[in-house]
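Where a number appears in this text, it was derived from the coordinates with a stated rule and is not lab data. A quick note: this is a predicted structure, and the numbers were derived from the prediction, not measured. Positions of Cβ are backbone-derived with ideal geometry, glycine not excepted, and every protein chain shown enters the neighbour counts.
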Amino acid sequence: MAREIVIQEDTVIKGKIRNCRQMEIRGYFEGDLAADDVLVHQGGTFFGMLKSDSADVAGSVQGEIFVKNLISIRSSGSVNGQVRYGQLAMEMGADLSAELRNVPPRLEGDLDITVRRGRSVVITTDHITAVDPDDTPDHLTYTVSNLTGGFIALTSQAGTAVTSFTQADIEAGRILFVHNGGSGSSASFNIVVADDSGATSGRAQTVHVHVKG
């Protein structure tokens, strides 16, 4: 990974840059850029597709922009295009003319659970977790489908199946997988997580359950 790239004033670069830790643009860049941190200084211009963890814009940015965490637009900054971001900060005088899109949640965790036959197990954040920088855990809702070998339940009502729950429920230890006692050595279920805006983690992913005993 390149540690730092600086495009100086009066310099024009067109092309693709990947795996950059920090990009500073004082001149002109056109193309595809993927970097951890992007700084577009006053007088600097970016045009194209940008993917970064954070961006600080005092110059001009235009195109398809995806900033995982914080995009800061300074008073001299201008951002135009399709913008997806985790957080947004704008100084007085900053210009934002964009089709704004929130960052959809994504699924993490090992998606792998072990349960004793006929028993239940608490689902933890090691098994399943939702990551979304612009929604709190109580606003991230899982939908369960295609269950085999058991069902999902709340710890307070272990005998009653549920088909949805939140990330807050998982973090509080309120969600169980309850095995049905069958003779098979495995079970499974599919999950999708959605935020309050309706954005989802995409195609349903399968959680595999290993049955012991």
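Legend: Rg and Dmax of the stretch 2-102, from Cα coordinates, 11.9, 34 Å.
For the stretch 110-155, divide the Cα radius of gyration by the Kirkwood radius and give the resulting Rg/Rh value with two decimals.
0.99
From helices alone, the chain scores -500 deg cm²/dmol at 222 nm; the rule is -39500 (n - 2.57) for each run of n ≥ 4 DSSP H residues, then divide by the residue total.
The alpha carbon radius of gyration of the chain, expressed as a multiple of 2.2 N^0.38 Å, is 1.33. Going by Cα centres, the stretch 197-213 and the stretch 56-93 are how many Å apart? After rounding, the separation between the Cα centres reads 34 Å.
With 10 angstrom as the radius, rank 92, 23, 49 by how many other C-beta atoms surround their C-beta, starting from the fewest.
92, 49, 23
Computed about its Cα centre, the charge dipole of the chain is approximately 980 debye, with only Lys, Arg, Asp and Glu carrying charge at their Cβ. Lys/Arg Cβ at +1, Asp/Glu Cβ at -1, dipole of the stretch 106-212 taken about the Cα centre: which of 158, 168, 123 is farthest positive-ward? Ranked along the dipole, the leading option is 158. Taken along its three principal axes, the alpha carbon spread of the stretch 106-212 comes to 42, 27, 20 Å, from the longest extent down to the shortest.
Neighbours of residue 213 by Cβ distance under 11 Å: Lys/Arg scored +1, Asp/Glu scored -1, total +4.
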